[in-house]
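The values are calculated or read from the model by the stated rules, or taken from the named source; none is laboratory data. Computed from a predicted structure; not experimentally measured. Every residue, glycine as well, gets a Cβ built from its backbone with ideal geometry; the counts of neighbours run over all protein chains shown. All accessible areas refer to the heavy atoms of the entire protein, side chains included, with ligands and DNA or RNA removed. Shrake-Rupley method; radii C 1.70, N 1.55, O 1.52, S 1.80 Å.
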Amino acid sequence: MSAVVEYWPLLWQGMWTTVLVTALGGVVCVLVAFTAGLGRLSTHWFFRVPAAVFVEVFRGTSLLVQMFWFFFALPFFGIQLYPMTAAVLALGFNEGAYAAEVVRGAIASRPKGQTEACTALGMGPALRLRRVIIPQAIPAMLPPFGNVMVDLLKNTSLVSLVTVADLTFRAQMIRNTTGQTTAVFLTILVMYFVLSSILTLLTGFLERRFALDRKAKAAWRAERRFMKAGTA
Amino acid sequence: MIWDNAFAVSIIPQLLQGLVVTVEITLLGTLIAALLGLALAILRRLAIPVVSQVVTFAVVFIRGTPLLVQAYCAFFVLPDYGISADAFTTGAIVIGINYSAYMAEVYRSGIQGVHIGQWEACTALGLPATRVWGRIILPQALRTVVPMLGNYLIQMFKDSAVLSAITVVELLGTAQAIGSSNFRYLEPLTIAAILFLIISYPSSRLVNRLERRYAPQH
């Protein structure tokens, strides 16, 4: 255990790098998901085809292959990315491709009457999406999005392989200097577990907060009242 | 010249060998995951005190930690305690155990999907537990589970690239080795990506079709 105590600051820094990569990757992921997801629903092949190709390519190949490709192969085109940029882009694009299917599914499964009602009210396609369809689709997207985010968090461990100094990278470093393999790896396993549990709780909270049906929302309010009573 | 075609053609045989290892590890891992996942799901369902809770926690813990770190643990930690196996075996077992946690959930939903009347009928007929599970519940539960297992098989095929980090010489590991010894990463990595895509895209279309075919009939 002594190695863990002695090198704790390093692990702590590594953990924040992991959190940072997760957050940045999450932002890229959401942007990509909506762009590609809406692109696939477009009536113009000009948007639909590239979006479909993007999603299938990024879902069909390994994340690690993509990350290595960004890091090792792009320089041959004269594009040299920082390890962090390559890692965040690969993570965001990969998970974004999965999340794009979530966006597409959630929007496509809205009842047709909503679209028809918007048309009847004279709303254009953009306004219809922005004010009616997407807000309704978001509660349906949240649970799968939560899964994608937890996946993203776990997959950030792969960025250590393109030399980003995250939690896994630091653990390897400490292992190499101290040789205390068991303590270090068990510690980071637990740290990852805590991080992903926090993320799961957070998405659970968001799900209840933005739930469409009244029952779930009432449960959320009751819980909040209970928590307030607890702190008072 | 960015893309060296002669070089690309010359490395294809090596990469195909890597692909074979990837496929082997995926099949072995899926076998482990399918069996272990089923065992975990049944253990949880039987609600044995302590055992079920331990299994539940193990499933949540495995799902909450990265495959890469699990692989490092198995590869670097276990030899300290006298358990050592080559990278391929370790890799297959780790990925198998990792996916068994996901498959346990799939089985669980399949078992839950079996109508309660089936259980009641078993009780009414006084069937022994082994017959209940083996002849009544599982055959019905597994029907809906098959396509999901297919999805995880494809996912595992792609995830097995992670095992290159513990020196398994699969597709990505081969590509990386070629890249570092020739100082050309573009061709091996691109061909590796294409090989992954060529296998996983048609298989996922196939699984989608299976999914529709085996969909529960309501």
Is there a residue in region B:65-86 that is more than 14 Å from chain A (Cβ to nearest Cβ) and open to solvent by 30 Å² or more (accessible area, probe 1.4 Å)?
-> yes
Within region B:173-191, can one find any residue that is under 16 Å from A:Gly60 (Cβ atoms), touching a Ser or Thr at 6+ places or on another chain (Cβ under 7 Å) and crowded, with 17+ Cβ neighbours inside 10 Å?
-> no
Here are some conditions: (1) farther than 25 Å from A:Pro50 by Cβ; (2) outside any helix (DSSP H, G or I). A:Leu81 meets all but one. Which one does it not meet?
-> (1)
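Name the residue that is nearest to A:Tyr82 (Cα to Cα), counting only residues in region A:124-159 that are over 18 Å from the mean Cα position of the chain (by Cα) and crowded, with 17+ Cβ neighbours inside 10 Å. It would help to see each step written out before you state the result.
Within region A:124-159, the subset over 18 Å from the mean Cα position of the chain (by Cα) is A:124-136.
Then drop every residue that is not crowded, with 17+ Cβ neighbours inside 10 Å, which leaves A:128-129, A:132-134.
Numbers: A:Arg128: 40, A:Leu129: 37, A:Val132: 40, A:Ile133: 38, A:Ile134: 35 Å.
My answer is A:Ile134.
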Note: among A:Gly105, A:Gly146, A:Gly113, A:Gly122, just one is in a loop (DSSP other than H, G, I, E, B) and either in contact with a strand residue (DSSP E or B) (Cβ under 6 Å, 6 or more places away or on another chain) or not β-branched (Val, Ile, Thr) (or both), namely A:Gly122
Specify which of the listed residues (B:Ile137, B:Ile191, B:Ile199, B:Ile111) is within 14 Å of another protein chain (Cβ to nearest Cβ), in a helix (DSSP H, G or I) and over 18 Å from the mean Cα position of the chain (by Cα).
-> B:Ile191
Collect the residues in region B:42-63 that are open to solvent by 70 Å² or more (accessible area, probe 1.4 Å), touching a Ser or Thr at 6+ places or on another chain (Cβ under 9 Å) and modelled with pLDDT of 90 or more, keeping them in residue-number order.
-> B:Val60, B:Arg63
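I'm checking my understanding of the structure. Among residues of region B:47-64 that are facing chain A (nearest Cβ under 10 Å) and assigned to a helix (DSSP H, G or I), which one is nearest to A:Asn147 (Cα to Cα)?
Result: B:Arg63.
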Mind telling me which of the residues B:Leu15, B:Leu36 ends up being out of contact with any strand residue (DSSP E or B) (no Cβ under 7 Å at 6 or more places or on another chain) and open to solvent by less than 50 Å² (accessible area, probe 1.4 Å)?
-> B:Leu15
Can you name the residue in region A:181-195 that is modelled with pLDDT of 90 or more and of a type in the set (Ser, Thr, Tyr) and is also least open to solvent (accessible area, probe 1.4 Å) among such residues?
-> A:Tyr192
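I'd like the full set of residues that are open to solvent by 70 Å² or more (accessible area, probe 1.4 Å) and more than 29 Å from A:Ala183 (Cα to Cα), limited to region A:6-49. Steps first, please.
Here is the first cut: in region A:6-49, the ones open to solvent by 70 Å² or more (accessible area, probe 1.4 Å) are A:6, A:8-9, A:12-13, A:16, A:20, A:24, A:27, A:31, A:35, A:43-49.
Residues satisfying the conditions are A:Leu24, A:Val27, A:Leu31, A:Thr35, A:Thr43, A:His44, A:Trp45, A:Phe46, A:Phe47, A:Arg48, A:Val49.
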Scan B:Ile154, B:Ile116, B:Ile93 and give me the residue that is modelled with pLDDT of 90 or more and within 14 Å of another protein chain (Cβ to nearest Cβ).
-> B:Ile154
Out of all the residues in region A:162-195, which are more than 8 Å from every other protein chain (Cβ to nearest Cβ), in a helix (DSSP H, G or I), under 14 Å from A:Gly14 (Cα atoms) and among the hydroxyl-bearing types (Ser, Thr, Tyr)?
-> A:Thr187
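Just to check your reading of the model, which residue among B:Leu78, B:Leu40, B:Leu19, B:Leu28 is out of contact with any helix residue (DSSP H, G or I) (no Cβ under 7 Å at 6 or more places or on another chain) and part of a helix (DSSP H, G or I)?
Result of the check over B:Leu78, B:Leu40, B:Leu19, B:Leu28: B:Leu78.
Within region A:70-96, take every residue that is open to solvent by 30 Å² or more (accessible area, probe 1.4 Å) and more than 17 Å from A:Leu158 (Cα to Cα) and give me the one that is nearest to the other protein chains (Cβ to nearest Cβ).
So the first thing to find is which residues in region A:70-96 are open to solvent by 30 Å² or more (accessible area, probe 1.4 Å), and the list is A:71-72, A:75-85, A:89, A:93.
So of that shortlist, the ones also more than 17 Å from A:Leu158 (Cα to Cα) come out as A:75-80.
Numbers: A:Pro75: 8, A:Phe76: 4, A:Phe77: 6, A:Gly78: 9, A:Ile79: 11, A:Gln80: 13 Å.
Among those residues, the one meeting the criterion is A:Phe76.
Being within 12 Å of chain B (Cβ to nearest Cβ) and open to solvent by 50 Å² or more (accessible area, probe 1.4 Å) is the filter here; which residues of region A:196-210 pass it?
Pass one, region A:196-210, residues within 12 Å of chain B (Cβ to nearest Cβ): A:196-201.
Passing the criteria: A:Ile198, A:Thr200, A:Leu201.
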Verdict on B:Val168 being open to solvent by less than 30 Å² (accessible area, probe 1.4 Å) and part of a loop (DSSP other than H, G, I, E, B) = yes
